[in-house]
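The values are calculated or read from the model by the stated rules, or taken from the named source; none is laboratory data. In this text, all values refer to a predicted model and were calculated from it rather than measured experimentally. No Cβ is skipped: glycine too gets one built from the backbone with ideal geometry, and neighbour counts run over all protein chains shown.
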Amino acid sequence: MVVYHVWLGRVSGGVDVFFLISGFLVTGQLVRATARGRLDLRALWSRMAKRLLPAAFVVLGVTLVAAAVLLPENRWPQTVREVIASALFVENWQLASDSTDYYAQHDQASVVQHFWSLSIQGQFYLLWPLLVLAVTLLRRSLFRVLLGVFVVSLGFSVWLTAVDQPLAYFHTATRIWEFAFGGLLALVVSRVDLAGPFRTVLGWVGLLGLLVCGMVLDVGAGFPGYLALWPTTCAAAVIVAGATGSRFGADRLLASEPLRYLGDLSYALYLWHWPVLVGWLVLRGRGEVGLLGGVAVIGASFVLAAATHLLVEEPVRRSRWRARTLTAALLVPLLAAAAVLQPVGPREVVAAHLPATDFAALDGQHCEKPVPVEELDVCYGPAEGTPAKRVVLVGDSHVQQYLAAFAPIAQRRNWQLISMLKGACPFSTRSEKNTGDQSCVRWNDSAANEIIKLRPDFVFTLATRDVQVGLTEVTPQGFVERWRQLDAEQIPVVAVRDNPRYGFSVLDCVQVHGPVPRCGAPRADLLAPVPPYAYLDVPANVSFLDFSDHLCTEDQCPPVIGDLLVNFDDNHVSATYLRSLSDVVEEALVGVTDA
C-alpha cells in the first residue's frame, strides 16, 4: 500500500483487505465470547481503544504541529478541519462531503486524508459488537444476518459507485459488506477441508492477486463497487489456504520473521507514511517524489513507525490505563491544539492572499434539469428582456473557470450565459479522463441534445486538453466529433486552447518560496508554437481562441503576472486573474462571433 502511494501514485486495494480481515477477526472473537457467555462490550471496546487511539493521536498531534510549521497558511483551515474529523473518527464523512462537489477536490491532498479508512474502522468497532449482541439476544442466525448485510451493502456499493463514485469511495455503507464478508468467512472457514496441494496453490493465487490488484484495476476511480471483490476474494483465498504445512506455501513467506515484524509495524507505518509523503512534496515543491525521494519517504516512515511501536503502542498495551482515561489524555490536548491553530494572516508574499479556491462560481444563475434528463443541470444566467446573444458554456472545470471573464461581458452586452458543466468531463463523444466512465459520455449526449434544442448564438468549449510539461497537449478526436455534430445543426463553436497544468499547487509554492520561476514552468516545455488543432481537419463552424500569451510570457509561464496569482491550484486559472482578462476575452469573442 505504501509503495503504491509513494511511487505509483495509485491505490492498492489494501484497505479493502484490511476491512475483510477486521471483519474476520472481530466476528470470530465475538462469536467465541458469546458462546462462552462472556461478551463484555466495555472490555472489548477498551482493548480496541488502546490498540487504535495512542498511535493515531500521536501521529495527528505531530502532524498538526508540522502543518503549522511547513504548510502554507491557506492549507491550515483544511488541515485543522480534517485533523478534528480524524480524531473523532468521521474523516470519511468529511471527505465524502468534500468529494460530492468535484471542485472541492481542488483542496490539495490533506495530510490526514488516509484517516478515512481508520474512521470507517472505528465505526465498525463501535457498531459491530452491538449487531452481534442483538442477533444473539434475538436468537437469530448470525450467518443469515451477515449474509443479508453483505448482499444489501454490496448492492448499494455497486449502485452508488456507478452514480457517484467519489461519494461511494468514502461512504461507510458501501464498505460494510467487506466486514460482513470477513465475518461470514470466520463462521465457515473451520469447515473448509482442502487437500494440501490445493491449499498451496490457493494461497499463492490469492497473494499474487493482492500484489497486482492496484496495477490491474484503477482502484481510486473504480472502487468500491463490484471491483472490490478482487482484493477481498484474494484475501479470503489466503485465509482459507491457511497453514499449508508445505515449505513452498505462501504462508511460509507470510509467517517469516521479517514479515511478522513488518506486520507489527503495519498500523503505525500506515499512519505515518501519508503525512511524511505530503510533507516531502510540500518541502520540495513537486508533484512526485522520484526514486530517491521515495526511498527517503519510506525510510523516514519506517523509522517513525518503529519508534511509535516501541515507545507508544507497546507501553500503552501493557499499561492498566482505562480507555476513557486514555482517550481524554490524548484527545483533549489534540482538539485544543487544533482550535488554536488558525490562520493569523497571510505571509507577506505578493498575491498569496488569495483564498485556496478562487474559482469562478455560477453566481446569479438558476439551474434546472431538462425533462426527462436526470444527469444534466442546465444553468441560466440573467438577461434584461430579450438577450442580445445566448451563449452556452459546456464542458468541465476548465470551461467553468471562464465564467469569471464572461460575467462582466454578459452584463455589458446583455448576453445570457447558459452553463452545462460537469467536473472531469470535457465536451467530447468519449470519456477523456477515465475511459471506463460511461456516465460522462451519457452526460455529453444529453448536453449536445439540449444545445441543439436551445440553438444558442455560439457554444464555448475547450479546444485542447492535457497541457503539461513534456508537450502532451492534444485535441482529442472526440472533441472534433462533437463540433461536427453541432456543425450539422449550423451552431457556431468557439473553442479555447487549454491552460497549463503543473502537477503541484502554484498557490502553495508561491506562499512557501515566493513568485519564483520554480513555481511556474518554461513555456517551451508546456506549449508547442503551433497548437494541435492546427493539424486537424475541423468543421467550418469552429473558431479558435488562444490566450496563452496572457497566461505566459515569451519564455516562461510564471506563477504571478502583475500582482495577480495566475493559478490557484495545480491546473486552474484563478477567477481573479481571468476576471482581469475580461476585456481581452471580450475583444477576442467579438472578433470571431461578429465576423
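Results for (1) on the phi > 0 side of the Ramachandran plot; (2) outside the structural domain of residue 438 (by TED's automatic domain parsing); (3) surrounded by fewer than 13 Cβ atoms within 10 Å (Cβ to Cβ), shown as yes or no for each residue.
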{"position": "198", "(1), (2), (3)": "no, yes, yes"}
{"position": "213", "(1), (2), (3)": "no, yes, no"}
{"position": "217", "(1), (2), (3)": "no, yes, no"}
{"position": "225", "(1), (2), (3)": "yes, yes, no"}
{"position": "238", "(1), (2), (3)": "no, yes, no"}
{"position": "253", "(1), (2), (3)": "no, yes, no"}
{"position": "262", "(1), (2), (3)": "no, yes, no"}
{"position": "267", "(1), (2), (3)": "no, yes, no"}
{"position": "277", "(1), (2), (3)": "no, yes, no"}
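Going by the conditions given, is residue 564 out of contact with any strand residue (DSSP E or B) (no Cβ under 9 Å at 6 or more places or on another chain), modelled with pLDDT of 95 or more, in the same structural domain as residue 466 (by TED's automatic domain parsing) and on the phi < 0 side of the Ramachandran plot? No; evaluated as a whole, the condition is false for this residue.
Which pairs have Cβ atoms under 8 Å, sit 6 or more apart or on different chains, and link a residue in segment 85-102 that is closer than 14 Å to residue 168 by Cβ and of a type outside the set (Ser, Thr, Tyr) to one that is at pLDDT 85 or above and part of a loop (DSSP other than H, G, I, E, B)? Between residues of segment 85-102 that are closer than 14 Å to residue 168 by Cβ and of a type outside the set (Ser, Thr, Tyr) and residues that are at pLDDT 85 or above and part of a loop (DSSP other than H, G, I, E, B), the close pairs are 92/171; 95/113; 96/171.
Can you say whether residue 159 is within 21 Å of the chain's Cα centre (by Cα) and free of Cβ contacts under 8 Å to residues at least 24 places away in the same chain, as far as the supplied structure shows? In short, yes. Restricting the first member to segment 224-242 and to residues that are without any contact (Cβ under 8 Å) to a residue 12 or more places away in the chain, and the second to residues that are assigned to a loop (DSSP other than H, G, I, E, B) and surrounded by fewer than 18 Cβ atoms within 10 Å (Cβ to Cβ), no beta-carbon pair is closer than 8 Å while six or more apart or on different chains. Give 494, 459, 467 a once-over and let me know the one that is aliphatic (A, V, I, L, M), in contact with a strand residue (DSSP E or B) (Cβ under 7 Å, 6 or more places away or on another chain) and crowded, with 22+ Cβ neighbours inside 10 Å. After applying the criteria, what remains is 459.
Scanning segment 162-182 for residues that are surrounded by 23 or more Cβ atoms within 10 Å (Cβ to Cβ) and closer than 16 Å to residue 229 by Cβ yields 168, 169, 174, 175, 176, 177, 178, 179, 180, 181, 182.
Return yes or no: is residue 46 in contact with a Lys or Arg (Cβ under 8 Å, 6 or more places away or on another chain), under 18 Å from residue 121 (Cα atoms) and in the same structural domain as residue 267 (by TED's automatic domain parsing)? Here the answer is yes, as residue 46 does meet what is asked.
Looking at segment 540-565 only, could you name the residues that are buried (at least 23 other Cβ atoms within 10 Å of the Cβ) and in contact with a Gly (Cβ under 8 Å, 6 or more places away or on another chain)? The answer is 557, 559. The conditions of being at pLDDT below 85, out of contact with any Gly (no Cβ under 6 Å at 6 or more places or on another chain), part of a loop (DSSP other than H, G, I, E, B) and on the phi > 0 side of the Ramachandran plot are not met by residue 385. The one condition from (1) surrounded by 13 or more Cβ atoms within 10 Å (Cβ to Cβ); (2) without any contact (Cβ under 8 Å) to a residue 24 or more places away in the chain; (3) closer than 26 Å to residue 158 by Cα that residue 206 does not meet is (2). Among the candidates 165, 113, 123, the residue that is assigned by TED's automatic domain parsing to the domain that holds residue 33 and more than 18 Å from residue 13 (Cβ to Cβ) is uniquely 123.
Checking each residue in segment 502-534 for being at pLDDT below 95 and not hydrophobic (A, V, I, L, M, F, W, C) picks out 502, 503, 505, 508, 511, 513, 514, 515, 517, 518, 520.
When residues in segment 251-295 are screened for being of a type in the set (Gly, Ala, Ser) and in a loop (DSSP other than H, G, I, E, B), 4 of them pass.
Filtering segment 240-250 to residues that are outside any helix (DSSP H, G or I) and either closer than 27 Å to residue 51 by Cα or not assigned by TED's automatic domain parsing to the domain that holds residue 15 (or both) leaves 242, 243.
Among the residues of segment 110-150, not one is of a type in the set (Lys, Arg) and in contact with an Asp or Glu (Cβ under 7 Å, 6 or more places away or on another chain).
It is to be established whether one or more residues within segment 401-416 are assigned by TED's automatic domain parsing to the domain that holds residue 482, of a type in the set (Phe, Trp, Tyr) and without any contact (Cβ under 8 Å) to a residue 60 or more places away in the chain. Within segment 401-416, one or more residues are assigned by TED's automatic domain parsing to the domain that holds residue 482, of a type in the set (Phe, Trp, Tyr) and without any contact (Cβ under 8 Å) to a residue 60 or more places away in the chain. Candidates are the residues of segment 506-539 that are β-branched (Val, Ile, Thr) and surrounded by fewer than 18 Cβ atoms within 10 Å (Cβ to Cβ); the one that is nearest to residue 464 (Cα to Cα) is 530.
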